[in-house]
Amino acid sequence: MAETSLREMPGASRNGGSWLSLADRAYHLILDQMLRGSLPVGSVLSRRKLAEQFQMSLVPVAEALQRLEIEGLVESRPRAGTRVKVPNADEIRERFELRQALECQAARLCAERSTFQERLELRRLAENVDALYANLAAQTSNDTSGYAVNKYHADLHMRIAEYARSELLKSEIEKNHVLIFNWLYDTTAGRRILPSTFHADLITAIVEGSPQKAEEVMRGHVIYGLKSIQHAMEPLLRENWRLKR
């Protein structure tokens, strides 16, 4: 997951720099609700209601929404309002392609540069992620469990990027929100079932195979579920999202 969504949200001071810190806090609060599923894709976003919920004025909330819109997570339309962005099939495909480009290179470099201890750590994390997904699939819908699993999943992928030892590559993965978009799409599609060794197989290819094999397996790993996510978005694209004040 991108760094901004994983670190603890900063507090807000009412003194110097208050608008900047409040806007940053509003940004993280909105993003957190999106990832938890309480503001799923297509949700209408009212500045007034969010300001009341966060107990702040409209200005920092508006700045937070503008930042989310620039990042492609929110969209606005005249006389309709603002909502969590509903991507079309091409936009989803392009997000998957960008994630492939960045994470396949991370997998190649991780295969070349990770240490023995780091590889043991990746194996442990992957086994835990697979076990968490198996438990999630056996449960009824539970937003809290889903959030925890997705966070652990994002942490695993960021660890791969970290062990690739390319700060620029890791920064691009964070800056482009490739794991946040994946998390948000999975939450929207309600994806809870994955192959039993989905992440263990990925890590095996990275720690035991050649850089080329690591890239190949990561490519297939990333593209998995693309069609189902595109299909899940189709009904949302047809919904009327005029803001009810």
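Here, each number is a calculation from the coordinates, and none is a lab measurement. Quantities reported herein were computed from a predicted structural model and do not represent experimental measurements. Because the Cβ atoms are built from the backbone with ideal geometry, glycine has one as well, and the counts that use them run over all protein chains shown.
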From Cα pairs below 8 angstrom and at least 6 apart in sequence, can you work out the relative contact order of the chain, rounded to a whole percent? 31 percent
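Relative contact order (percent) for the range 89-233, with alpha-carbon contacts under 8 angstrom and 6 or more residues of separation?
Working: 148 pairs, mean separation 66.5, N = 145.
Once divided by the residue count of the range 89-233, the mean separation gives 46 percent.
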Go through 158, 104, 68 and say which Cα lies farthest out towards the positive end of the charge dipole of the chain; charges sit on Cβ, +1 for Lys and Arg, -1 for Asp and Glu. 68
With Cα atoms, 0 to 90° folded angle of helix 226-237 axis to the chain main axis: 10 degrees
Using alpha-carbon positions, what is the distance between the centroids of the range 157-218 and the range 62-99, in Å? 22 Å
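So if I place +1 on the C-beta of Lys and Arg and -1 on the C-beta of Asp and Glu, and nothing else carries charge, what would the dipole magnitude of the chain be about its Cα centre? I want it in debye, nearest 20. Show your work: numbers first, answer last.
On the way: 34 positive and 32 negative charges, 202 e Å.
Dipole size: approximately 960 debye.
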If one compares the long axis through the Cα atoms of helix 116-138 with the longest principal axis of the Cα atoms of the chain, the angle in degrees, nearest 10, works out at 60 degrees
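Beyond 25 Å between alpha-carbons counts as too far, so tell me which of 85/213; 85/175; 49/85; 170/213; 49/175 fall in that bin.
On the way: 85/213 35 Å; 85/175 18 Å; 49/85 18 Å; 170/213 20 Å; 49/175 28 Å.
Beyond 25 Å between Cα atoms: 85/213; 49/175.
Only Lys, Arg, Asp and Glu count, each charged at its Cβ (+1, +1, -1, -1), so figure out the dipole size of the range 39-148 about its Cα centre, rounded to 20 debye.
Numbers: 16 positive and 16 negative charges, 68 e Å.
In debye, rounded to 20, the range 39-148 gives about 320.
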Going by a ≥ b ≥ c, the root eigenvalues of the Cα gyration tensor, does the range 89-233 fall in the rounded group (a/c under 1.5), the prolate group (a/b larger than b/c) or the oblate group? oblate
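Treating only the Cβ atoms of Lys and Arg (+1) and Asp and Glu (-1) as charged, compute the dipole magnitude of the range 112-223 about its Cα centre; round to the nearest 20 debye.
Details: 13 positive and 16 negative charges, 15 e Å.
With only Lys, Arg, Asp and Glu charged at Cβ, the dipole is about 80 debye.
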When the charge dipole of the chain is computed with +1 at the Cβ of Lys and Arg and -1 at the Cβ of Asp and Glu, the Cα pointing farthest to the positive end, of 117, 33, 205, is that of 33
What do you get for the angle between helix 143-163 and the principal long axis of the chain? Use alpha-carbon atoms, 0 to 90 degrees, nearest ten. 50 degrees
Can you order the peptides 162-172, 183-193 by their average number of other Cβ atoms within 10 Å per residue, highest first? 183-193, 162-172
